[in-house]
Amino acid sequence: MALLPILTAPDPRLKAVSNPVAAVDDDLRRLMDDMLETMYDAPGVGLAAIQVGVAKRLLVIDTAGEGEARQPHFFVNPEILWVSEELALYNEGCLSVPEHYADVERPAEVRVRYLDYHGNPQEIHATGLLATCLQHEMDHLDGILFIDHISALKRGMILRKLKKAQRLGAVG
Ligand code: NI
């Protein structure tokens, strides 16, 4: 397994629409394993393949709390089948938008169809943090970041700070 570099906004690759995965094979499982290791190392609760520069419809998620046993989930070609009318507000962050957080309102529950680590079709009814995380990560597959859900003013401020931090990082 290997740690993969995580792209950060405003990297234009994060705006790409990812392509469906054609086959869940050993190469894809290697990528899934590397993404999981990268996510745990960061640390984060979710990671989409495009965040490591691979434009495939693939996510890894583990919302287990600190001190709880790990519960990795792999989602290949996830599709939303249903969302609740009830909404939930979470203070979201993203490994591609480091050190910035904002409240985002999304459906509180979702039903998602996907292929698992072995390529078997599955459905999940997600609630709580998992529901929010799934929607956040699925947004990445369509080139959408959580800051696209907040005001243009706040988004512009965050992107300017990220650009500045990257410039400083490049020289320092
Ligand atoms: Ni994210």
(message) With in contact with an Asp or Glu (Cβ under 6 Å, 6 or more places away or on another chain) and closer than 28 Å to LEU162 by Cβ as the only criterion, which of LEU47, LEU59, LEU14, LEU7 stands out?
(response) LEU59
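Condition check ((1) under 25 Å from ASP41 (Cβ atoms); (2) surrounded by 14 or more Cβ atoms within 10 Å (Cβ to Cβ); (3) hydroxyl-bearing (Ser, Thr, Tyr); (4) free of Cβ contacts under 8 Å to residues at least 40 places away in the same chain) across all residues:
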position	(1), (2), (3), (4)
ALA88	no, yes, no, no
VAL112	no, yes, no, yes
ASP116	yes, yes, no, no
LEU129	yes, yes, no, no
(message) Among the listed residues ALA9, ALA2, ALA23, ALA69, identify the single one that is touching a residue at least 40 places away in the same chain (Cβ under 8 Å), farther than 30 Å from GLY156 by Cβ and not charged (D, E, K, R).
(response) ALA23
(request) With the condition kept exactly as written, say whether any residue in the range 26-45 is over 18 Å from LEU95 (Cα atoms), assigned to a loop (DSSP other than H, G, I, E, B) and away from the ligand (no atom under 16 Å from the Cβ). (result) no
(request) Report yes if some residue within the range 51-58 is closer than 16 Å to HIS136 by Cβ, more than 13 Å from the ligand (Cβ to nearest atom) and part of a loop (DSSP other than H, G, I, E, B); otherwise report no. (result) yes
(request) Give just the number: which of (1) within 16 Å of the ligand (Cβ to nearest atom); (2) surrounded by 18 or more Cβ atoms within 10 Å (Cβ to Cβ) does ARG13 not satisfy? (result) (2)
(message) Just checking, does the range 164-171 include any residue being in contact with a helix residue (DSSP H, G or I) (Cβ under 9 Å, 6 or more places away or on another chain) and without any contact (Cβ under 8 Å) to a residue 24 or more places away in the chain?
(response) no
(request) Kindly indicate the residue of the range 131-165 that is farther than 21 Å from ILE6 by Cβ and in a helix (DSSP H, G or I) and also nearest to the ligand (Cβ to nearest atom) among those meeting that condition. (result) ALA131
(request) Tell me which of these GLU66 doesn't satisfy, since it passes every other one: (1) modelled with pLDDT under 95; (2) part of a strand (DSSP E or B). (result) (2)
(request) Name the one entry in ASN91, ASN77 that is modelled with pLDDT of 95 or more, more than 16 Å from the ligand (Cβ to nearest atom) and either of a type outside the set (A, V, I, L, M, F, W, C) or within 23 Å of ASP11 (Cβ to Cβ) (or both). (result) ASN77
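The values are calculated or read from the model by the stated rules, or taken from the named source; none is laboratory data. Everything numeric in this text was worked out from a predicted model, so none of it was measured. As a convention, Cβ positions derive from the backbone with ideal geometry for all residues, glycine included, and neighbour counts pool all protein chains shown.
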